[in-house]
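The values are calculated or read from the model by the stated rules, or taken from the named source; none is laboratory data. Not measured: the values here are computed from a predicted model. Neighbour counts run over all protein chains shown; Cβ positions are idealised from the backbone, glycine included. Accessible surface is based on the protein model in full, side chains and every heavy atom, while ligands, DNA and RNA are left aside. Shrake-Rupley method; radii C 1.70, N 1.55, O 1.52, S 1.80 Å.
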Amino acid sequence: MHAPTQAALVTGCALALGACKPSAKSDAAPSASASAQRGTAQSPWLIGMSQCNLGEPWRVQMNQDVKLAAEKHPNLKVVFKDAQNDSLRQRAQVEELVAQKIDLLIISPKEAAPLTQPVAEAHRKKIPVIVLDRGVQGDEFTTFIGADNVKIGREAGKWAVKALGGKGLIVELEGLMTSTPGQDRHKGFREGLELEKHPDLKVVFEADMQWLEPNARKEMESALTTQKKIDLVYAHNDPGAHGAYLAAKAASRDKEMKLIGIDALPHEGVEYVKQGILDATFLYPTGGVEAIDTALDLLAGKSVPKKVVLGTRAFTKDNVSLGGEAIP
Amino acid sequence: MKALAWLRTSSGRALVPLAVVILIGCLFHQNGAFFEWSTHRALLREISVLGILACGMTLVIVTGGIDLSVGSVMAVAAVLVSLMTMPLGWGGLSATALVLMAGTALGLASGALIARFRVQPFIVTLAMMVFARGLAKLLSGGKKVTNYVTLPDGSSSTVDLPALFRAIDSKVLGDHVSVVTLIFAGCALVTWVVLARLTAGRYLYAVGGSYEAARLSGVPVGRTVLLSYALSGAFAAIAGICQAAQETHGDPETGAGYELDAIAMVVLGGTSLSGGRGGVGLTLVGALTLGMLQKILSLNAFSTEARLMLTGGILVFAVLFQRPWQSRA
């Protein structure tokens with residue numbers, strides 16, 4: 001199968017996949033030999049979903065996306081496990097799921113190294129493994145689905161240049177800079193700004209707010225005190241941008257600047273844009289829906305690409321009511 | 001040495017680290033930003049929530065106990081007040097009353113286990129910390145409780161921010177003071193009255209000084225311990241309401257790690273972790289010292305690495321500074 005066809009299948013809508021369901025019954029699926037009747041409404045496919053930490057709203061959203069997508073298919077049943085941000089607990093939970101005889105594993109690992117081994121063992125037992133958002137080492141898994149933080153940061157940077165007309169003073173509120181997403185969203189943003197091409201564009205204040213809204217508000221207050229003029233604030237997540245907004249509003253300076261964030265959760269960033277609090281937010285997709293689509297393909301015995309990089313969506317006040325604008 | 005006699009008082013010793021931090025601020029004033037009132041107004045707002053927790057923590061630490069659950073209890077309060085005022089549309093007063101009762105109840109539960117079964121406060125409040133975090137997540141469904149509410153018919157809409165939230169997150173006295181700072185001051189005043197003016201306060205010190213001696217001299221030790229944790233829970237509830245108001249939502253993850261900052265504020269002031277000695281005035285100085293240091297580091301946009309190391313350094317300096325004088329007193 002050619003790569004483009006595969007990609008089209010992966011991103012294909014649930015309807016198209018619904019048409020695949022009959023074949024899921026007839027085709028020789030990975031563990032069909034063990035239980036010939038699996039994959040029907042009476043005896044649904046059992047999917048194990050191993051989540052590394054439900055303490056983050058984005059991951060709560062990921063689980064919900066998986067749950068809602070799976071509910072559309074009566075031949076799927078998903079068991080959820082939350083490792084509470086502990087790699088060893090997640091390792092144990094993957095082993096429990098395998099012992100439970102799941103037909104497919106979806107895992108969003110906390111860290112690559114400690115989870116490579118349990119994932120590889122599941123894969124060797126012919127259980128298809130979909131790795132979501134963060135990777136594992138080696139190639140003993142079936143497919144990886146994730147987004148690209150550098151790319152999303154770059155889109156935010158390009159948007160900033162356009163919104164400012166190529167000149168202005170920028171504040172960057174960074175996520176935890178020892179974390180890869182923080183580094184990538186910073187790197188991408190700076191690439192998107194192309195500071196060497198825009199001499200009148202300056203980042204005048206940057207601070208690490210560690211993804212936390214109260215910290216972002218504090219740092220923004222410092223920025224407001226030391227900077228007499230701010231044209232745009234870029235926060236590495238929407239809560240950070242919201243914290244910046246609250247600080248600017250308290251100083252009656254919120255009209256002076258544009259605010260952009262990342263993540264675009266439906267009840268958070270997108271809602272902030274709707275309310276006019278943020279000027280733009282960029283989706284960091286959870287991949288939950290795509291994971292279920294891919295799971296249906298795999299269970300139907302189809303092959304899927306080894307790696308799928310998800311695109312982003314920009315939500316601004318002009319397009320938010322239309323569901324944002326896709327950036328592939 | 002006579003000229004330095006004031007250094008032997010606990011408040012004198014607490015003021016030195018603060019003076020050092022102020023000096024650092026004057027040196028690294030960032031184009032005069034450190035000398036502007038708005039900077040200090042912001043700093044006073046930033047320490048308020050932690051300071052309110054530190055007030056309750058002072059009461060507990062004076063009895064020789066510790067309350068690790070304040071950050072989580074605060075999250076329960078933040079979620080509850082947001083739930084009641086936004087999706088359920090309660091008035092501010094009734095919501096505040098109910099949240100205060102909930103916080104007090106959680107504190108009472110910890111206190112009862114400690115007083116009745118004599119389990120170590122560290123363990124009991126550690127358990128409460130985990131339990132209350134779970135409760136906050138359960139109540140909120142794992143998501144922030146915002147003014148974006150789902151109506152009974154399944155559609156969603158945005159409701160106005162409750163008047164309670166807008167009132168707490170505003171400034172008064174010609175925009176010179178944040179309301180949360182006044183709430184913090186009120187909490188400190190209540191703590192001071194309890195510790196310095198009420199019989200209950202003498203009992204708190206007595207229990208912290210020596211539990212057995214206090215019991216034998218007829219102090220109602222059980223009720224005294226209960227009181228300290230109940231008040232700590234109530235203060236955590238107030239802190240949670242202030243946090244929710246400032247964030248404009250109830251975040252079930254809020255307050256994680258705040259217990260340690262609150263303890264640091266208390267200890268930095270000079271209240272003894274072994275109980276029996278200290279006071280809320282010292283905690284105020286401790287809170288100001290930590291808050292001002294954070295503000296200076298933030299104004300100068302220091303890197304996170306430098307910030308953490310400098311904060312640790314100042315803490316060690318303050319604690320070491322208190323030692324020799326304490327042994328002589």
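Would you mention how many residues in the stretch A:179-202 are of a type in the set (Lys, Arg), in contact with a helix residue (DSSP H, G or I) (Cβ under 6 Å, 6 or more places away or on another chain) and open to solvent by 60 Å² or more (accessible area, probe 1.4 Å)? Residues meeting the conditions: 1. Among the residues of the stretch B:228-277, the ones that are farther than 26 Å from A:PRO57 by Cβ, in contact with a Lys or Arg (Cβ under 8 Å, 6 or more places away or on another chain) and open to solvent by less than 10 Å² (accessible area, probe 1.4 Å) come to 1 in all. Of everything in the stretch A:214-236 that is of a type in the set (Asp, Glu) and either surrounded by 24 or more Cβ atoms within 10 Å (Cβ to Cβ) or facing chain B (nearest Cβ under 7 Å) (or both), the residue that is nearest to the chain's Cα centre (by Cα) is A:GLU219. Is there a residue in the stretch B:148-160 that is touching an Asp or Glu at 6+ places or on another chain (Cβ under 8 Å) and over 30 Å from A:GLN51 (Cα atoms)? Checked against the condition, which is being touching an Asp or Glu at 6+ places or on another chain (Cβ under 8 Å) and over 30 Å from A:GLN51 (Cα atoms), the stretch B:148-160 yields at least one hit. Count of the stretch A:273-283 residues, restricted to those that are surrounded by fewer than 16 Cβ atoms within 10 Å (Cβ to Cβ) and either part of a loop (DSSP other than H, G, I, E, B) or among the acidic types (Asp, Glu) (or both), is 2. Checking each residue in the stretch A:64-103 for being charged (D, E, K, R) and under 14 Å from A:ASP293 (Cα atoms) picks out A:ASP65, A:LYS67, A:GLU71, A:LYS72, A:LYS77. For the stretch B:191-202, a tally of residues being under 18 Å from B:MET57 (Cβ atoms) and either free of Cβ contacts under 8 Å to residues at least 24 places away in the same chain or not polar (S, T, N, Q) (or both) returns 7. The single condition from (1) of a type outside the set (Asp, Glu); (2) at pLDDT 95 or above; (3) in contact with a Leu (Cβ under 8 Å, 6 or more places away or on another chain) that B:LEU53 fails is (3). So is A:PHE205 at the interface with chain B (Cβ under 9 Å from one of its Cβ atoms), touching a helix residue (DSSP H, G or I) at 6+ places or on another chain (Cβ under 7 Å) and among the aromatic types (Phe, Trp, Tyr) or not? Yes, satisfied. Looking only at residues in the stretch B:128-159 that are over 11 Å from B:GLY250 (Cα atoms) and open to solvent by 60 Å² or more (accessible area, probe 1.4 Å), the one that is nearest to the other protein chains (Cβ to nearest Cβ) is B:THR158. The set of residues in the stretch B:5-50 that are away from chain A (no Cβ under 11 Å), surrounded by 13 or more Cβ atoms within 10 Å (Cβ to Cβ) and farther than 22 Å from B:GLY312 by Cβ comprises B:LEU7, B:ARG8, B:THR9, B:SER10, B:SER11, B:GLY12, B:LEU44, B:SER48. Scan the stretch B:204-227 for residues that are open to solvent by 70 Å² or more (accessible area, probe 1.4 Å) and outside any loop (DSSP other than H, G, I, E, B) and report the count. So the count comes out to 4. In this entry, B:ILE114 passes the filter for residues that are in contact with a helix residue (DSSP H, G or I) (Cβ under 8 Å, 6 or more places away or on another chain) and either part of a loop (DSSP other than H, G, I, E, B) or farther than 19 Å from B:GLN243 by Cβ (or both). Checking the stretch B:234-241 against the condition returns a match, with at least one residue being within 14 Å of another protein chain (Cβ to nearest Cβ) and within 14 Å of the chain's Cα centre (by Cα). For the stretch A:284-323, filtering for residues that are open to solvent by 60 Å² or more (accessible area, probe 1.4 Å) and acidic (Asp, Glu) leaves 1. Within the stretch A:110-141, if we keep just the residues that are in a loop (DSSP other than H, G, I, E, B) and touching a strand residue (DSSP E or B) at 6+ places or on another chain (Cβ under 7 Å), the residue that is most open to solvent (accessible area, probe 1.4 Å) turns out to be A:ARG134. Which residues, counting only those in the stretch A:56-80, are surrounded by 20 or more Cβ atoms within 10 Å (Cβ to Cβ) and in a strand (DSSP E or B)? If the condition is that a residue be surrounded by 20 or more Cβ atoms within 10 Å (Cβ to Cβ) and in a strand (DSSP E or B), then A:LEU76, A:VAL78 are the ones that fit.
Residues of the stretch A:286-318 that are in contact with a strand residue (DSSP E or B) (Cβ under 8 Å, 6 or more places away or on another chain), of a type in the set (S, T, N, Q) and closer than 16 Å to A:THR142 by Cα: A:THR294 alone.
With respect to the stated conditions, B:ILE114 fails to be closer than 17 Å to B:VAL225 by Cβ and surrounded by fewer than 16 Cβ atoms within 10 Å (Cβ to Cβ).
Each row is one residue, and each column tells you yes or no for (1) touching a residue at least 60 places away in the same chain (Cβ under 8 Å); (2) under 21 Å from A:TRP58 (Cα atoms); (3) open to solvent by 40 Å² or more (accessible area, probe 1.4 Å); (4) within 14 Å of chain B (Cβ to nearest Cβ).
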residue: A:ASN149; (1), (2), (3), (4): yes, yes, no, no
residue: A:GLY153; (1), (2), (3), (4): yes, yes, no, no
residue: A:ILE170; (1), (2), (3), (4): yes, no, no, yes
residue: A:MET177; (1), (2), (3), (4): no, yes, yes, yes
